[in-house]
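The values are calculated or read from the model by the stated rules, or taken from the named source; none is laboratory data. Predicted model, so just to flag it, every value in this text is computed and none were measured. Using ideal geometry, Cβ is built from the backbone for each residue, glycine included, and neighbour counts are taken over all protein chains shown.
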Amino acid sequence: MINNEDTPQGDINVWISFADLFAGLLLIVIIGIGALWKPQIEQKKEDVLFSDNLIREMNKATAINKQMKDKLRKRLPEMGDSETEIVIPAEALYASGGYDVTDPSKQTTLKTIRQALREALDQAGEDRKFLRIIIEGHTDSDPIKSSTATKEIPTNWELSSRRATGVLRFFEEGGLIASDYNIVAMGLADTVPVATGNTENDKRRNRRIVIRIEPDLDKIRASLYPQVQK
């Protein structure tokens, strides 16, 4: 049996002080661990939201592309099997080495594509606000001959860029305004071939315009910050 009268008061105070110190340190450690985990938890929450939004926008892009292809299949049988893009062979729009669509029948093809794209995007309404449309120009690997090269079009880079931006300008002339419909154009020359051989058929397949509908990742991320902070 412990006799309280025999226990020095100083010893009791020391043990109480140690207990308080230990409890304080433990609380600091718990708060510190929580502070370390909170950013990770918030990041995981943001990643889940981003993934959900990305999947939803991919589904929308696929639906719009399918709607376009259903309207264009007879006119463009070679437009590819991708769920989110339409492939237009270069010869369907341009003369060899050309970048302006001047032939009336080829203009009709581009008008049909423009109309189908605009109708599909307009019907999507608010559902398209996180989508963007990319117009890509592609060439084969044959360099432009010195006899046909010009100051404006010295290489395939300029040729593919002029073709892509020419399609964009043609779309805008028909009311498909780039800023309103989130459309961009770029030339990729021969850097993204679909055929790696060197036959004439391989080169023909690589000469193309691609219209791609895809989620706008920057807009999706920007839309998530208010939700993550709640």
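So, residue 164, is that one surrounded by 18 or more Cβ atoms within 10 Å (Cβ to Cβ) and either touching a residue at least 40 places away in the same chain (Cβ under 8 Å) or in a loop (DSSP other than H, G, I, E, B) (or both) or not? The answer is yes for residue 164. Within the stretch 167-205, the set of residues being touching a strand residue (DSSP E or B) at 6+ places or on another chain (Cβ under 8 Å), surrounded by fewer than 16 Cβ atoms within 10 Å (Cβ to Cβ) and within 11 Å of residue 140 (Cα to Cα) comprises 192, 194, 204. Which one of these does residue 196 not meet: (1) hydroxyl-bearing (Ser, Thr, Tyr); (2) under 30 Å from residue 53 (Cα atoms); (3) part of a loop (DSSP other than H, G, I, E, B)? That leaves (2) as the condition not met.
Please go through the stretch 57-91 and pick out each residue that is charged (D, E, K, R) and part of a loop (DSSP other than H, G, I, E, B). Result: 73, 74, 75, 78, 81, 83. The single condition among (1) modelled with pLDDT under 95; (2) within 24 Å of residue 77 (Cα to Cα) that residue 137 does not satisfy is (1). Selection of first residues in the stretch 119-139 that are assigned to a helix (DSSP H, G or I) and of second residues that are aliphatic (A, V, I, L, M), restricted to Cβ pairs under 7 Å at least 6 apart or on distinct chains, gives the following pairs, ordered by first then second residue: 120/64; 120/68; 121/64; 124/64; 128/121.
Look at (1) more than 29 Å from residue 57 (Cα to Cα); (2) touching a residue at least 40 places away in the same chain (Cβ under 8 Å); (3) surrounded by 17 or more Cβ atoms within 10 Å (Cβ to Cβ); (4) of a type outside the set (S, T, N, Q) and you find that residue 158 fails only one, number (2). The condition (being under 24 Å from residue 81 (Cβ atoms) and of a type in the set (Lys, Arg)) is satisfied by just one residue among 169, 132: 132.
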